Structures are given as C-alpha cells and as structure tokens.
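Below is one structure, written out as structure tokens; comments come after it.
The values are calculated or read from the model by the stated rules, or taken from the named source; none is laboratory data. Note that the structure is a prediction, hence the values are computed from the model and not measured. FYI the Cβ positions are ideal-geometry reconstructions off the backbone, even for glycines, and counts take in every protein chain you see. Please note that ligands, DNA and RNA were not included when accessible areas were found on the heavy atoms of the full protein model with its side chains. Shrake-Rupley method; radii C 1.70, N 1.55, O 1.52, S 1.80 Å.
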Amino acid sequence: MAASGHPDRVAVGRLRSTAADAAPLSYPDLLARARAGAVALRERGATELVYLGVSGNAFAQALFASAWAGIPLVPLNYRLGRDQLAELLGRHAGALVVSDLEPPARGPVLTTGAWDALCARPAADADPWRDDQDATAILLYTSGTTSAPKAAVLRHRHLTSYLLGSVEFGAADETHAMLVSVPPYHIAGVSNLLSNVYAGRRIVYLESFTPEGWLESVRDEGVTHALLVPTMLARLTEHLAGPDGHLAGPHAAAVPTLRNLAYGGAKMPAPVLERATRLFPAVDFVNAYGLTETSSTIAVLGPDDHRAALSGDPVAKARLGSVGKLLPGIEAQVRAPDGAVMPEGGIGDVFVRGDQVSGEYRGTASAVDADGWLATRDRGWIDDEGYLFIEGRADDTIIRGGENLAPAEIEDVLLDHPAVAEAAVVGIPDEQWGQDIAAVIVPRAGHAADAGELQAWVRSRLRSAKTPAVIVFRDSLPHTPTGKLLRREVLADLLANP
Amino acid sequence: MTEIAAGQRLRSQACGTEVIVVRAPDQPVELTCGGSPMTAEPAAAGAAARPKPAAGGGGGGGGGAQLGKRYLDEPTGLELLCTKPGSEVPAADGRALTLKAARPLPASD
C-alpha cells in the first residue's frame, strides 16, 4: 500500500549521509527488498529470522522480509553478554541470524552487509504475499526487569489492530521525517517502523543515542518527529541546560523543524519533562504508554494536555503525571487484590483488553484470561475523565506496615531537590514494618546532598510514613538500555553494600 | 453469499478495488462492488483496466474507493480498508459504504 500510495517518497534512510546502512530507500525499494529478502530466507530454509544489531536499513528490510516469508522476526538485544546470547540463540535453532557481532549461533549467520546485498537482488521468483492474520510476526523478548526474559508472541492481527487503531494511512506530509533512537529489540522499535511506513513518514535511524548526535541528526535531516525514552530526554535536557538550568548557548536548543516529540517506555520524571517543554516551546509533546505484550501504545497523553498543564491549569498539571487516555480499541479496568473491579479513582492492578493485546508468551499458556483481560502488572488508577495514572510496577510496590507505597511518588519528590540528579526508591526487609523505604541517590554534579536534609525534604512534602529510613549515595543507577530502572539490582547492591 | 471475516482480503470483479475486512458485519450481507459480488479470488483479467462506467458508479462521495481509506456500513458495523483503489465503492446489500472520517490522534511512535 505504501509503495503504491507514495511511490516517490523515501521510506527509510538519510538524505544527507553517505553511510551504506542509511542510504535512502523509497517505498517501492523497500517492497522489492522485502520480496528479495523473503526469497533468501526461503532458499536457506529459515524458520525464523533473528536480527541482532542496531537500527538501520537492514532492520527495516528484515522486518518486512520475514513477514513476506511468513516466518517470525526475532530482534535480540545486541548488548547482551555472550552466555545469555548463546542461551537465547539456542532457543531459535532454525533461524537465520543477521548480525555483525559474530554471534554464538548454531545455524547460518549473515552480516548486515551480506543481508543487505541479498535484499538488493532482483526477486522475480518471490512467493505471493499470504494473508495469515494468525501467523506470528514478531517474537520479542520482554525487558525482564523483574524476572527472566520471556518471548512475547505478536501475531499479524495484533500489529494490524494496533496500526488501524492508532494511525491513518498516508497521514504524514511529504516533508515529515521521524528520528528513531530506540533499538530494534524494543517494542517501539518495531511499532514505529510499521506506523511510520503506514503514515508515509520517512524514518531516520540514530544507531546510538548521544545528545550531540541527536541534535545534529534533527538539524541535518530536517526531522519533524522524534521518539525518545525518558533517560534520553533527561540526557538531552542535561546537555542543553547546565546544572544551573541555563541554556548552554542562545541557539543550543534550536530545532526549527521539530514539531512532535513522543516519549515513553518508562516513567518520565516530572522535572525532566518540565525542563524539556521549556527548552522546546514550539514542540508538541506526546506521552505513549504501552507494553511489549500489547503491541506497543495503548494510551496517549497528547499535545493539548501538555499545553494545558503548562498554562497552569491545576487539573491538567496533575494529568501530566498520567499516561493519558486509552486508544479507541482498548478497554481498561483497575482491580483490587481480590479481583473486584475498583470504582473510579481507586488504586489497584491495571488490566487491559483489546484486539492488539497479545499476552501470549512462547512456550507458556496465554496470560490473557477467558474474557480477554491482560494484567499489565502495573499499579494505577483512572480519573473521572478517563485519564490513566500509572504508579509503577505492582512488583515494585513497597508494603510498609500494611500500607502500599509507590516508589515513583517518593522518587518524584526526591528529584525535585536541586542536589538530586537521579533517585531510586526500593523496599528493604525490616523487622518492625515488614518492609521499609530505602532511597539510592545519584547527586547532581557540583552539589552536596545530605541524607538528613533529603529525609526532611520528603517528610515536609509527603509524610513520615513515606520518608526513606535509609538514604545512600551512588555514582550511577543500573538501567536497561532503554531506560528502565533495574530495581532488583538496586536492591541487591543495597543489601550487599549497605 | 461469501462469508465475511476480519482479516479477509476481497476483490472487486468490476474494477481495481481491493479491500481487507477490518470488522466483520454483525449479520450476513451481500458485498458487491460495481454491481458484482466481491470475491477472494483476483479479478478476472482485464477487469481492473475496464473503463469507469459513465454515471452512477462511485457512491461514497464520488471518485471511487481510495487507497488507505476506510469504508463503513453503519447498519451492520462492517468496516473495510481499501488496499487497492478502484473506480467503484463497495456496497453491502446495495447500500454504498460510507467513507469513515479519520480520527485525529497524535503520532505516538
């Protein structure tokens, strides 16, 4: 469709670069390469296509070629250690592996260059496209912040439902370009490729995020749309606004073509968002909330909500802490521990339902119940106008003396302190309370923080039951590459080095 | 009457129009395009190139079925996505399907 609808537009690639993996490919080019890639997969008898590498044309070709061949694409994290990689590759024995990392695979391996060359061949003998909505399109490993990684099964019908529910075909202008800095093994790395091709918006990949590289790409490529995870936006705002909050230079934050900045993938600290909206006043901000298991976004907080919050409306300001409203095809329920549906405003476990919700993992029973509901394992609540607030992972909840405490609320207060750059709050075992609150702080450069002062800061803004009993200082916090805080590692470190 | 299920691809026998069923109708309907039933098989050779009928063809606001647009039959909830444009708009039990208005959602990824 994209090939016939926008035959002259560039689908992926940079217009001002000579890098081979960023050469501009039109929609008809991408279609021809998907067919040729499918032929290559068929010739090798591949039952799956593993893509182990950074974002680039090779990845876009891998996604569409595997779909054309009717086999699943398995994007793997290129930052994994060799042992973990060998274990995961062992689960995909019949796969063709595309990677430049000389991976420990038993089957055939192609470099991205070799894969690209195969996709560039003429493919007159490609099989016709098969409509099989039930076929598995993607096997995507969840980030595993609380347990071992599991492969979520996303079928064509899930992804199609996501697209039809969130994007209009050809909605983008010819001049639109999306700068993507999430890796291929993140659900947003998969979903943005589909949505932008469907919308007719050129994709520009940034292989490895740095604030300087991101700004350069936005300016060089005339980028209009961008997608960031919160840690990237935090680094960008830190880069542009020094420790004292002043701009590095008068034009440091100039991004004249940028009009839409979507963020998601983890909780956005309120101070980072505030700084970002001040740095980019002309940009529309969009918060997207979703899970791997839900084929990406299920709720969106749009530009109007962000603007209303900036104008000082107290209700809108509070909603800036929400993930917005559900997409049209999605329903949500908040449930109490006994499974009863909570009344409006009640805090509990968030369940979601819709055609894009998979909830299926490879090798296990579906996590979706008989009525189609999936436990997101996030805790949250829904306000009177349908805004969904996510307080954090259910597994992260601290239960102190029978009271449920969300780490995020305490972290937000700590982050408001001028001496705090990063904060992680976890529950530690306590004889009296069952669990007590511990905070790990990364101090802001050039600032001295004091545990007693931070405790007083939290006590005066929340209350004593929410004040960390223990505060320790570290140089950095452990995150997944896509910005999710690894709380179990924070806790392990805390217990080993109190 | 052809069974209509979500995800199914159907083709016009009278013009180039091709659709995918987004939502199945809540009751059986006769789906036609340009007066002939829509079928799963590709159109007979030459059908796509057949000239547009002089009058009364279009429906759905004229101009035929447009690529990437969605078409609705409100009484039954049937919804189609046009994957190849054609001079005719599909009809359910003789009712020309209507163009579904785009929902403005911000780009989120």
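Points to keep in mind about this one:
- Flag not set for A:Glu344, criterion: at pLDDT below 95, more than 20 Å from A:Leu495 (Cβ to Cβ), surrounded by 13 or more Cβ atoms within 10 Å (Cβ to Cβ) and charged (D, E, K, R).
- Residues in the range A:405-425 that are in a strand (DSSP E or B) and not β-branched (Val, Ile, Thr): A:Leu405, A:Ala421, A:Glu422, A:Ala423, A:Ala424.
- Among residues of the range B:69-84 that are more than 8 Å from chain A (Cβ to nearest Cβ) and part of a loop (DSSP other than H, G, I, E, B), those with a Cβ under 6 angstrom from a residue that is surrounded by fewer than 19 Cβ atoms within 10 Å (Cβ to Cβ) and of a type in the set (Lys, Arg), sequence gap 6+ or separate chain, pair up as B:Gly77/B:Arg23.
- Flag for A:Ile390 being surrounded by 13 or more Cβ atoms within 10 Å (Cβ to Cβ), closer than 26 Å to A:Gly321 by Cα and touching a Leu at 6+ places or on another chain (Cβ under 7 Å): no
- 2 or more residues open to solvent by 20 Å² or more (accessible area, probe 1.4 Å): qualifying strands (runs of 3 or more DSSP E) within the range A:221-330: A:284-291
- Residue within the range A:439-446 that is in a helix (DSSP H, G or I), free of Cβ contacts under 8 Å to residues at least 60 places away in the same chain and either among the β-branched types (Val, Ile, Thr) or crowded, with 16+ Cβ neighbours inside 10 Å (or both) present: no
- Unmet requirement for A:Asp100, which otherwise passes all of (1) at pLDDT below 95; (2) open to solvent by 80 Å² or more (accessible area, probe 1.4 Å); (3) away from chain B (no Cβ under 14 Å): (1)
- Which numbered condition A:Asp395 misses (of (1) modelled with pLDDT of 90 or more; (2) open to solvent by 30 Å² or more (accessible area, probe 1.4 Å); (3) assigned to a helix (DSSP H, G or I)): (1)
- Hey, B:Ala49 in a loop (DSSP other than H, G, I, E, B), open to solvent by 40 Å² or more (accessible area, probe 1.4 Å), more than 23 Å from B:Glu79 (Cβ to Cβ) and at pLDDT 50 or above or not: no
- The condition (being within 21 Å of the chain's Cα centre (by Cα) and either over 20 Å from A:Leu291 (Cα atoms) or open to solvent by 50 Å² or more (accessible area, probe 1.4 Å) (or both)) is satisfied by just one residue among A:Arg400, A:Arg377: A:Arg377.
- So A:Ala423, is it touching a residue at least 60 places away in the same chain (Cβ under 8 Å) and under 24 Å from the mean Cα position of the chain (by Cα): no
- Selection count where residues are surrounded by 13 or more Cβ atoms within 10 Å (Cβ to Cβ), modelled with pLDDT of 90 or more and not in a strand (DSSP E or B), scope the range A:454-485: 14
- Breaking point among (1) farther than 19 Å from A:Leu159 by Cβ; (2) under 19 Å from the mean Cα position of the chain (by Cα), for A:Asp349: (2)
- Restricting the range B:1-33 to residues that are assigned to a loop (DSSP other than H, G, I, E, B) and within 11 Å of chain A (Cβ to nearest Cβ), the residue that is nearest to B:Val89 (Cα to Cα): B:Gly16
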